[in-house]
Each structure stands twice: as C-alpha cells, then as structure tokens.
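Student: Can you read through this structure? Questions will come right after.
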Amino acid sequence: MSEGVPRDVADLVRQAAHRRPSATALVAGTRRLGWAALDAQVDACAAGLLDRGLAAGDRVALMLGNTPEFVIAYFGILRAGLVAVPLNTASTPVEVEWLLGQSGARLVVCDPVTGRVVREAIPAGSTCELVDVTLGAWEDLLRRGREADAAPAAVDPESLAVLLFTAGTSGRPKGAMLTHRALLADLAMVRDSTDPPAAVEGDVVLAVLPLFHVYGMNAVLGLAASVAATCVLVDRFDPGETLALIQREGVTNVPGAPPMYVAWAGHPRLRERVAGVRLFICGGAPLPGDLFDAFQEASGLPIWEGYGMTECAPVVATTLVSGAPKRGSVGRPLPGLDVRLLDPGGVDEDDDGDDQPPGHGDPGELWVRGPSLFSGYWPDGAGGPDADGWFNTGDVVYADAEGDLHLVDRRRELILVSGFNVYPREVELVIDALAEVAECAVVGRDHPYTGETVVAFVVPVPGVSLSSERVLAHCEERLARFKCPTVVTVVDSLPHSSTGKVAKGRLREVHGG
Ligand code: AMP
C-alpha cells in the first residue's frame with residue numbers, strides 16, 4: 001500500500017518514500033538517508049528476517065541506541081509481520097535474560113556493546129540468535145533480503161506489532177501488547193487534533209529520546225515518518241552538543257523530557273541555538289512549574305506538555321490540543337479518546353465519604369478508552385482494557401475549569417497514613433522548593449502505628465551542605481502533620497527511568513520502603 005490509510009506501521013515509511021523519495025529521512029552524524037533509500041533497506045531487512053526462517057508473530061528483540069540500524073530493523077521487523085521487542089540499552093544481563101525468556105524472542109538485533117550483554121544473558125543451549133549490526137551478519141541479512149524472491153505477505157492491522165516491557169516505577173516489567181492499529185491510531189489522533197500541529201511535512205525532528213521507549217518509538221519516530229519529516233538521531237544527550245546540532249540541522253521540533261530542559265535552561269547560548277525551533281515538547285515525567293517558567297524566560301519559547309503511557313501508544317493528552325501551553329498542565333485529552341475520572345477511594349482531607357465520580361477540580365483516577373489502547377499484557381492479554389474498553393491508567397488527575405488536565409500522582413504511589421491519603425508528589429514539590437535541594441523522592445514505608453509513614457530521599461545541590469533536620473523543619477511549616485516525612489535521608493543520587501522519572505521500585509529495593 002502506498003497511498004491512503006496505512007495498514008501497518010511500516011506503511012508509513014512506504015508512503016513517505018512515495019511522497020518524498022529524495023527528502024532526508026534520517027540524519028545520524030555525517031550519515032544521511034533519504035525516504036526511498038530507507039524504504040529499500042526496510043524491505044531488505046523484512047525479507048532477510050523471513051529468509052532466516054522467522055515466521056509472522058515471532059518476536060525479534062532490538063537492543064540498539066538511536067541509530068539508522070534501529071530504524072531499519074524496527075520497520076523491517078514490522079513489515080515482515082514479526083513482533084518488535086525493543087529493550088532498554090542500559091539493561092543488565094540478568095534483566096535481558098528475563099526479558100528474552102518472557103518474550104520468547106528468537107533473534108536479537110544488537111551492537112558490539114549490547115551484544116556483550118545479550119551473550120551473557122542467553123542461556124547455554126538457547127536457540128535465540130544474535131545479529132550484530134556492525135558485523136557481516138547484518139550486511140548478509142540485508143543482502144539475502146534483497147535477493148529474496150517473495151515479498152512479505154500483507155500484515156493484518158489487528159496483529160501484534162510491538163511488545164514493550166514497561167516497568168512503570170515499581171514492580172517487574174510487563175510486556176504491553178500494541179497492535180499496528182493501536183500505534184497508527186495514536187499517530188492519526190495526534191496529527192489530526194493538534195494546533196499548532198505536532199508534526200508536518202518539512203519538519204526536522206530531534207530524536208534524542210530513546211527509541212526503545214514508546215515515546216521515542218511512536219510519538220517521535222512514528223510521528224515523523226507519518227508526515228515524512230526528517231529525523232535527526234542522537235544517541236547520547238550532551239546539552240551543549242545537542243543544542244549545536246539543533247542549530248546546525250535546522251531542527252524545528254524538540255520532543256523532550258524534563259532532565260533535558262533542566263540541562264538547557266541555564267545554557268548561555270540557548271536562545272541563539274534554538275531560534276529555528278517551532279515546538280518544544282515535554283512528557284514522560286512531571287515538568288516542574290519553575291522549570292516551565294525558567295525555560296520560557298531563557299529560550300523565548302514555551303514548552304508544550306503532553307502526557308501518555310506505554311499502554312496508550314502513548315499520547316493521551318497534550319496542550320497542543322487546546323493550543324495554549326499552560327504551566328502545570330498536561331493539556332486536554334486527544335478528542336478521539338474517551339476519558340473519565342473516578343474516585344480512587346481512600347480518605348482525602350476534605351473527603352465526604354461518597355464514591356461518586358469526582359466533579360471539576362476533584363482528583364480522580366484517569367480511565368481511558370479508544371482505538372490506541374494496548375491489548376493487555378503478554379502473553380495472555382491479562383490486565384488490558386475491560387469488557388467496555390476502559391483502561392485505568394493508575395494516574396490521579398484533576399481537570400481545571402477549562403478542562404485541562406493536571407497530574408497529581410500515580411495511584412500506586414499513594415501513601416496511606418492512618419488511612420489518610422498522601423500523594424508523594426505534593427510532598428516532593430514542597431521539598432523541591434528548598435534551594436539546597438537538587439532532587440528528591442518520597443515513598444511510603446510500613447509503620448507499626450500508622451500503617452504507613454512518609455519517607456524522603458533528598459539529593460543536595462552539588463557542593464551544598466544539607467541536613468535532614470533542615471528538610472524536616474521546612475516540611476513541618478508547610479504540610480499537615482500526617483504528610484510530613486518522618487525520615488529524611490540525604491543521598492548522592494536517585495535511580496531514574498529513561499524518561500527521567502525516579503524509579504521508585506529500584507529506590508525501595510536499595511533503601512527499603
Ligand atoms: P511510561 O509507560 O514509561 O511511558 O510511563 C507512563 C507514566 O509516566 C504515566 O502513567 C505517568 O505516571 C507518567 N507521565 C507521563 N507523562 C507525564 C507528565 N507529563 N507528567 C507527569 N507524569 C507523566
């Protein structure tokens with residue numbers, strides 16, 4: 001299929017190649033690849049994988065950084081009707097062993113660095129194969145694909161495209177099953193309902209967010225392909241170098257995460273470097289209000305915030321829908337999605353005991369329904385949308401008078417102190433306001449009298465001294481007693497996820513909680 005509605009995700013590349021064959025699809029350092037050339041490589045990869053005996057529905061893991069080979073392999077896997085399993089490049093051998101075992105991947109596409117991890121991870125006697133994209137085996141796969149007679153069969157849009165292991169912020173990773181239809185539906189909704197548009201033909205999109213995460217994979221790479229925009233691939237974020245690259249390549253769209261904006265807000269050449277940027281976008285983790293202000297002040301441009309999750313392929317809401325950036329808000333839901341806020345239960349300070357759906361302003365758990373939702377977790381689809389199609393995101397959210405959403409916290413992060421709800425985010429915002437604090441994380445810990453108690457981990461600004469007492473005294477002045485941490489631990493650093501969220505599961509493993 002070259003025109004009309006794409007049926008599978010790799011059709012996006014085919015259509016871009018028809019519309020803009022010689023326009024640049026990918027930039028990676030000095031390498032440049034046009035859409036027609038990329039499409040031919042994707043064809044070769046798809047046929048090459050099938051030539052190795054893989055059959056529709058087989059899983060192929062992908063453990064690569066943001067390189068052209070990731071893009072070729074990703075779309076090649078999808079065009080062949082296989083299932084892509086992108087793995088975090090920072091995973092350890094123990095993690096990879098578990099992910100490969102869970103997914104039953106038959107082949108792993110890797111590079112020399114990730115290849116070492118994969119080799120350690122693959123148990124003796126396993127039939128799982130490795131293809132290192134820097135070695136002859138990759139060239140061989142593409143060559144055999146080019147020589148193959150049969151083109152891959154058409155892919156069913158309802159078939160599984162991607163298995164994305166999502167750790168959330170706690171617990172063991174689960175494989176969210178996303179079909180071609182779900183991934184394409186999210187892109188269509190984002191394209192059709194954003195003004196200013198999230199992406200248009202002729203845009204130059206920075207792809208610095210990891211492509212193995214749903215945000216980079218679909219909301220950056222997929223979206224760019226769907227409008228035949230150019231993707232500038234960056235494998236390692238360096239604040240100064242990436243800014244210089246933005247200027248040099250004429251980048252217009254910068255999808256990012258909070259840590260990038262922290263690093264850029266104080267950069268002396270920010271304004272001059274980003275003069276050609278059309279959109280700064282942020283999602284994946286909370287964007288502090290002060291950072292929103294500081295970045296706009298320094299760059300002259302606002303940050304458009306969005307909210308989503310792996311299970312929703314990923315975008316759920318963005319300020320690009322309302323057309324107005326708003327401090328502290330993740331914007332409005334995509335019009336193609338149904339959303340509702342339901343009372344998460346528990347006891348709020350002002351709780352009146354009912355369990356009716358919350359009204360305007362009351363926080364509730366966000367439920368979503370629509371064509372972009374996942375089909376449950378691998379392998380049996382457990383935990384997916386209910387019989388009526390609703391999925392509980394687990395995020396606690398409130399809508400303001402204009403219908404713009406504000407995230408309060410994750411439901412599962414809720415701490416119950418003597419039965420009262422404490423949202424860690426509220427406590428974190430108070431602690432973050434201290435000038436000596438670089439970062440903090442608040443979690444619940446079992447307590448013999450109150451059920452749970454609030455504990456805080458605080459990272460001081462480098463070179464600044466900070467005591468637990470100072471943090472405790474600051475909290476006591478600003479928070480109701482049951483919300484105040486009873487233990488504050490000063491630490492050197494906190495563990496993070498790839499979009500900059502504090503990995504509270506790992507934090508608890510290390511420090512208890
Ligand atoms: P993931 O599946 O890794 O993309 O993580 C999804 C989770 O990230 C959501 O359920 C939210 O808790 C969080 N998240 C995503 N976007 C935002 C945002 N703009 N602000 C705060 N949290 C966010």
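Student: Looking at (1) in contact with a helix residue (DSSP H, G or I) (Cβ under 6 Å, 6 or more places away or on another chain); (2) modelled with pLDDT of 90 or more, which is the one condition that is false for S170?
Tutor: (2)
Student: Something else about it: Residues of segment 184-241 being among the charged types (D, E, K, R) and touching a Ser or Thr at 6+ places or on another chain (Cβ under 8 Å), which ones?
Tutor: Passing the criteria: D186, R191, D203, D235.
Student: Among the residues of segment 422-442, are any at pLDDT below 95, more than 24 Å from Y261 (Cα to Cα) and surrounded by fewer than 17 Cβ atoms within 10 Å (Cβ to Cβ)?
Tutor: Among the residues of segment 422-442, not one is at pLDDT below 95, more than 24 Å from Y261 (Cα to Cα) and surrounded by fewer than 17 Cβ atoms within 10 Å (Cβ to Cβ), which makes the answer no.
Student: Oh, and also: Enumerate the strands (runs of 3 or more DSSP E) found wholly within segment 29-135, keeping only those where 2 or more residues are closer than 25 Å to Y215 by Cβ.
Tutor: 31-34, 59-63, 83-86, 107-110
Student: Among the residues of segment 98-115, how many are buried (at least 19 other Cβ atoms within 10 Å of the Cβ) and not hydrophobic (A, V, I, L, M, F, W, C)?
Tutor: 5
Student: Determine whether D192 is under 30 Å from D11 (Cβ atoms), surrounded by fewer than 19 Cβ atoms within 10 Å (Cβ to Cβ) and over 20 Å from the mean Cα position of the chain (by Cα).
Tutor: yes
Student: Also, I was wondering about something else. Looking at M189, M177, which one is at pLDDT 95 or above and in a helix (DSSP H, G or I)?
Tutor: M189
Student: Before we move on, is L142 under 27 Å from the mean Cα position of the chain (by Cα) and not in a loop (DSSP other than H, G, I, E, B)?
Tutor: So L142 fails the test.
Student: Given the condition buried (at least 17 other Cβ atoms within 10 Å of the Cβ), at pLDDT below 95 and within 16 Å of the ligand (Cβ to nearest atom), answer yes or no: does some residue in segment 291-302 qualify?
Tutor: yes
Student: Still on this structure: Scan segment 262-282 for residues that are modelled with pLDDT under 95, closer than 26 Å to N218 by Cα and either away from the ligand (no atom under 16 Å from the Cβ) or not aliphatic (A, V, I, L, M) (or both) and jot them down.
Tutor: Residue satisfying the conditions is A263 alone.
Student: Limited to segment 479-492, what total is found for residues that are surrounded by fewer than 17 Cβ atoms within 10 Å (Cβ to Cβ), modelled with pLDDT of 90 or more and not hydroxyl-bearing (S, T, Y)?
Tutor: Here the count works out to 3.
Student: Which of (1) exposed (fewer than 15 other Cβ atoms within 10 Å of the Cβ); (2) more than 28 Å from G323 (Cβ to Cβ) is the odd one out, the single condition F374 does not satisfy?
Tutor: Going through the list (1) exposed (fewer than 15 other Cβ atoms within 10 Å of the Cβ); (2) more than 28 Å from G323 (Cβ to Cβ), F374 breaks only (1).
Student: A further question follows. Checking the conditions here, which among E120, E95 is charged (D, E, K, R) and over 23 Å from the mean Cα position of the chain (by Cα)?
Tutor: E120
Student: Right, here's the next one. Residues being in a strand (DSSP E or B), near the ligand (Cβ under 10 Å from one of its atoms) and in contact with a helix residue (DSSP H, G or I) (Cβ under 8 Å, 6 or more places away or on another chain): count how many of those fall in segment 303-324.
Tutor: Total meeting the criteria: 5.
Student: Give the number of residues within segment 390-434 that are under 13 Å from E311 (Cβ atoms) and more than 16 Å from the ligand (Cβ to nearest atom).
Tutor: Going through segment 390-434 one residue at a time, the tally reaches 0.
Student: Something else now. If you take the residues in segment 325-337 that are in contact with a Gly (Cβ under 9 Å, 6 or more places away or on another chain) and more than 17 Å from L407 (Cα to Cα), which one is farthest from the ligand (Cβ to nearest atom)?
Tutor: Per the stated criteria, the residue is G336.
Student: Just to check your reading of the model, which residue among L223, L287 is within 20 Å of the chain's Cα centre (by Cα), at pLDDT below 95 and within 16 Å of the ligand (Cβ to nearest atom)?
Tutor: Just a single option satisfies the conditions, and that option is L287.
Student: Are any residues in segment 58-75 closer than 23 Å to T30 by Cα and not hydroxyl-bearing (S, T, Y), and if so, which ones?
Tutor: Residues satisfying the conditions are M63, L64, G65, N66, P68, E69, F70, V71, I72, A73, F75.
Student: Mind counting the residues in segment 223-250 that are in a helix (DSSP H, G or I), touching an Asp or Glu at 6+ places or on another chain (Cβ under 8 Å) and surrounded by 22 or more Cβ atoms within 10 Å (Cβ to Cβ)?
Tutor: Final tally of qualifying residues: 1.
Student: Take the conditions within 24 Å of N66 (Cα to Cα) and surrounded by fewer than 16 Cβ atoms within 10 Å (Cβ to Cβ) and apply them to G266. Does it pass?
Tutor: So G266 does not fit the description; no.
Student: While we're on this one: For S468, only one of the following conditions fails: (1) at pLDDT 90 or above; (2) surrounded by 18 or more Cβ atoms within 10 Å (Cβ to Cβ); (3) touching a strand residue (DSSP E or B) at 6+ places or on another chain (Cβ under 8 Å). What is its number?
Tutor: Among (1) at pLDDT 90 or above; (2) surrounded by 18 or more Cβ atoms within 10 Å (Cβ to Cβ); (3) touching a strand residue (DSSP E or B) at 6+ places or on another chain (Cβ under 8 Å), the lone unmet condition for S468 is (2).
For (1) buried (at least 24 other Cβ atoms within 10 Å of the Cβ); (2) touching a strand residue (DSSP E or B) at 6+ places or on another chain (Cβ under 6 Å), each residue gets a yes or a no:
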residue: A44; (1), (2): no, no
residue: R52; (1), (2): no, no
residue: A56; (1), (2): no, no
residue: L62; (1), (2): yes, yes
residue: F70; (1), (2): yes, no
residue: G81; (1), (2): yes, no
residue: V85; (1), (2): yes, yes
residue: V96; (1), (2): yes, no
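The values are calculated or read from the model by the stated rules, or taken from the named source; none is laboratory data. Everything quoted here is computed from the prediction, not taken from an experiment. Virtual Cβ from ideal backbone geometry, glycine too; neighbours counted across all protein chains shown.
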